[in-house]
Amino acid sequence: MGAIKIAPTPILKHNDNGKKMSDWIDAVDENVLANGENIVIDVDGTDVAIFKIDGQFYALEDVCTHDGAEIASGRLEGDEIICPRHGARFCVKTGAVKSPPAYENIDCFPVRIENGKVQVRDNRWD
Ligand code: FES
């Protein structure tokens, strides 16, 4: 199954420094994705791909650090996603780059399950 894109409404608040930060947002029902599937959601204006692997959920920015391809549409092998454009590989669990032509990691985001929903938040600006 390919990536599905949805855009939940983000909840923004401010941290102690007055910077904008995101709250947890509902991404998808816990039981919607099968192992090996992913879904792409908009988190505060960033496309985030949520993958399910061996019953666990992981979230990466949906952009290849080599040349900007949508990584969620790549092929999954174990816990590595292969970029559909030029074949760079990344660890879905950490965002770590595993092979060229990419040399930078992909940002990954915290994920949790709350009341049957997979939730994610963009913590890069906290
Ligand atoms: S855009 Fe992903 S490897 Fe080139």
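Structure above, values below:
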quantity	calculated
Residues of type aspartates and glutamates that Lys98 reaches as a straight line, Cα spacing below 15 Å, ignoring anything fewer than 8 places off in the same chain	Glu77, Asp79, Glu80, Asp107
Label-point separation in nm, Glu77 to Ile113, each point 7 Å along Cα→Cβ	2.9
Inter-label distance for Arg124 and Asn35, nm, one decimal - labels placed 7 Å from Cα along Cα-to-Cβ	3.1
Local electrostatic count at Tyr103 - Lys and Arg +1, Asp and Glu -1, tallied over other residues with Cβ under 13 Å	0
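Bear in mind these aren't lab numbers, they're just calculated from the coordinates by the rules spelled out. Everything quoted here is computed from the prediction, not taken from an experiment. Don't worry about glycine lacking a Cβ; one is built from the backbone with ideal geometry, like all the others, and counts go over all protein chains shown.
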